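Report on the structure given below.
The values are calculated or read from the model by the stated rules, or taken from the named source; none is laboratory data. Keep in mind the model is a prediction, meaning the values are calculated, not measured. Here the Cβ is made from the backbone with ideal geometry for all residues, glycine too, and neighbour counts use every protein chain on show.
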Amino acid sequence: MEKMPQVQQRKERRKHPRYKLKEGTYAFLEATPHAIVDISESGMAITYVAFKEKCITDYNFDLFSSGKDTYLPHISGELIAEVALISPSLFSVLHTKRLGIKFDTLTLDQQSQLRYFIVQSAGGKV
């Protein structure tokens, strides 16, 4: 009997587990809401509609969850990934992107508030 080749799984490089968030959870950047796809204690993924090509240089977010009215201001981070998403409609003129953000060093108070935000907003583990 011939052995089937085993598929190698990629090693997870993240330090913290990621959580999917409930609908209505946003990261505001320059007063514009961006949907949070998932979040961990060290970063998050967001999606947004890019109406114009604009270079964002300051990644300072205010996080908001409408379900429990949870708000977490002034979380800074850096861009680590940017991916253009394919529109389900061939005729769409909107360009949607997904950004991977790594949080900068958080204070102990911010870490505590972020954990609370995740608990209040999480819909499930990724």
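Yes or no, residue by residue, for (1) touching a Pro at 6+ places or on another chain (Cβ under 7 Å); (2) at pLDDT below 90; (3) assigned to a strand (DSSP E or B):
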| site | (1), (2), (3) |
| --- | --- |
| Pro5 | no, yes, no |
| Ala35 | no, no, yes |
| Tyr48 | no, yes, yes |
| Ile56 | no, yes, no |
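Residue count for segment 64-84, restricted to those that are loosely packed, with under 14 Cβ neighbours inside 10 Å, of a type outside the set (Gly, Ala, Ser) and outside any loop (DSSP other than H, G, I, E, B): 8.
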